[in-house]
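The values are calculated or read from the model by the stated rules, or taken from the named source; none is laboratory data. Remember, it's a predicted structure, so these values are computed and weren't measured experimentally. Don't worry about glycine lacking a Cβ; one is built from the backbone with ideal geometry, like all the others, and counts go over all protein chains shown. Heads up: the accessible areas ignore ligands, DNA and RNA and are worked out on the full protein's heavy atoms, side chains in. Shrake-Rupley method; radii C 1.70, N 1.55, O 1.52, S 1.80 Å.
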Amino acid sequence: MFEPTGPVRAPVLAPGAAGVARLRRALERAEIDFVTAVVTDGGIEPWRRRIEGRFRTARDALDRSGVSRAESAALAVALADGVLRDRCCRLIDADPDRRWLALWRHLADRALPPYRTEPLFLLAWTAWRRGDVPAARDAVGSARLQEPGHRPSVLLAEVLWTRG
């Protein structure tokens, strides 16, 4: 099995006990809201289309007014849907705006396992697609520390270390 070599940064955020409790509450609320929204939107596909636009809005808002804790949690939880995560990869490919990096870092900073892996993977994907292989390696290494068997991260790591 492929194992990356070289330094890997520790997970992005190390909040204190109070910060972890706030993050946990926000993520738990986002999980409940996720299920409610899928039902309200008429199923998973309409929900995916709606939430996809929220990623663009959050990216644009991040450097202006910021993104609330509740919205950050909602987006991090939403990325647990692999189809939506893959659509985010396509968003990045279609619009390689540098601000995607900031959004994925922001979401990784405001998530706890198991919700931290996907933003870290997207951070790695974005860095790689922008040609920053060292940053991509750091981020994918962090994603693999969170979830060693995360298939997209394993595949991207192989690309980064064999072709990088």
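Whenever you get a sec, compute what percent of the accessible area on the range 71-164 sits on carbon and sulfur atoms (1.4 Å probe). Of the solvent-accessible surface of the range 71-164, carbon and sulfur hold 51 percent. When the charge dipole of the range 27-164 is built from unit charges on Cβ atoms (+1 for Lys and Arg, -1 for Asp and Glu) and taken about the Cα centre, the candidate among 58, 40, 73 whose Cα reaches farthest toward its positive end is 58. Highest GNM mean-square fluctuation among 70, 139, 18, for the chain modelled with Cα contacts below 10 Å: 18. When the Kirkwood radius is taken over all Cα pairs of the chain, what Stokes-Einstein diffusion coefficient follows at 4 °C and 1.567 mPa s, in µm²/s? The estimated diffusion coefficient comes to 81 µm²/s.
When the alpha carbon gyration tensor of the range 39-136 is reduced to an equivalent ellipsoid, its three semi-axes come out at 20, 15, 13 angstrom, largest first.
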